[in-house]
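Peer 1: Structure incoming, see below.
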Amino acid sequence: MIQDHYLARLRSLTADGRRRILGLVGAPGAGKSTLAQAILEALPGKAVVVPMDGYHLANAELARLGRASRKGAEDTFDSAGFVALLKRLREQRHDEIVYAPLFRREIEEPIANAIPVLPDVPLVITEGNYLLLDRGHWKSVRPLLDEVWYVNVDPDLRRERLVTRHMSFGRDESAAKDWVETTDEVNAVQIDSTRDRADVQFHWAS
């Protein structure tokens, strides 16, 4: 459940009807997608979600680069492509539909042109791990966002969620725990170091 003061902030952000882009950032398993969905439900017809995960490099490309074992790290995304999309969304013409990619966890691959963003939708929500990273192409992301919320959650709960997620998509418990500790948690430390650049520290209602 989103508390009233967060909803009031969202309504103020979108009050004039002009395009705004809200970033939701946090460590893997923090609940970014859940929050994005909750915002959609709170603002029916006024928002669309464009996840950063749509810019995962394809598995074949990760294998070619030798990065498959680190999928989810900052260099396993097309960060320049993500920046280009955000620029298009900021400058979207009234007669244009912008199509964004979607990441499908059941096949672990991005799907191009899966999310239509209509020009009259005032709020675009983008959620992902590296929205506040200040290097490479990622450093161009923050200036393109009107506001960024850092999603906080109990670390033990977050890790439990990640193990359950990985198991639901085919890993056994041992492999899921190993991936969380050797990949997700390495990324989580890096992501947590960016939290102070966020405008809002979001905490779920207890």
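Peer 1: Quick one: in region 157-198, of everything that is outside any helix (DSSP H, G or I) and within 16 Å of the chain's Cα centre (by Cα), which residue is nearest to Ala38 (Cα to Cα)?
Peer 2: The extreme case among them is Ala198.
Peer 1: Mind listing just one residue for me: the one in region 27-52 that is on the phi < 0 side of the Ramachandran plot and assigned to a loop (DSSP other than H, G, I, E, B) and, of those, surrounded by the most Cβ atoms within 10 Å (Cβ to Cβ)?
Peer 2: So the residue we want is Ala30.
Peer 1: Answer with yes or no whether Ser140 is loosely packed, with under 14 Cβ neighbours inside 10 Å and of a type in the set (Ser, Thr, Tyr).
Peer 2: no
Peer 1: When residues of region 165-184 are filtered for being of a type in the set (Ser, Thr, Tyr) and surrounded by 14 or more Cβ atoms within 10 Å (Cβ to Cβ), how many remain?
Peer 2: Final tally of qualifying residues: 1.
Peer 1: Looking at region 63-101 only, could you name the residues that are more than 17 Å from Asp134 (Cα to Cα) and among the polar types (S, T, N, Q)?
Peer 2: Residues satisfying the conditions are Ser69, Gln92.
Peer 1: Search region 65-83 for residues being under 19 Å from Ala176 (Cα atoms) and of a type outside the set (A, V, I, L, M, F, W, C), and hand back the single one that is modelled with the highest pLDDT.
Peer 2: Among them, the one singled out is Arg67.
Peer 1: When you go through (1) in a helix (DSSP H, G or I); (2) modelled with pLDDT under 95; (3) farther than 29 Å from Asp196 by Cβ one by one for Leu62, which number turns out not to apply?
Peer 2: The single condition Leu62 does not satisfy is (2).
Peer 1: How about region 65-82: which of its residues are surrounded by fewer than 18 Cβ atoms within 10 Å (Cβ to Cβ) and either of a type in the set (Lys, Arg) or part of a helix (DSSP H, G or I) (or both)?
Peer 2: Leu65, Arg67, Ala68, Ser69, Arg70, Lys71, Glu74, Asp75, Ala80, Gly81
Peer 1: Considering only residues that are surrounded by 21 or more Cβ atoms within 10 Å (Cβ to Cβ), in contact with a Ser or Thr (Cβ under 8 Å, 6 or more places away or on another chain) and not in a strand (DSSP E or B), which ones fall in region 118-130?
Peer 2: Tyr130
The values are calculated or read from the model by the stated rules, or taken from the named source; none is laboratory data. All values derive from a computational prediction rather than experimental measurement. Every residue, glycine among them, receives a Cβ derived from its backbone with ideal geometry; neighbour counts consider all protein chains shown.
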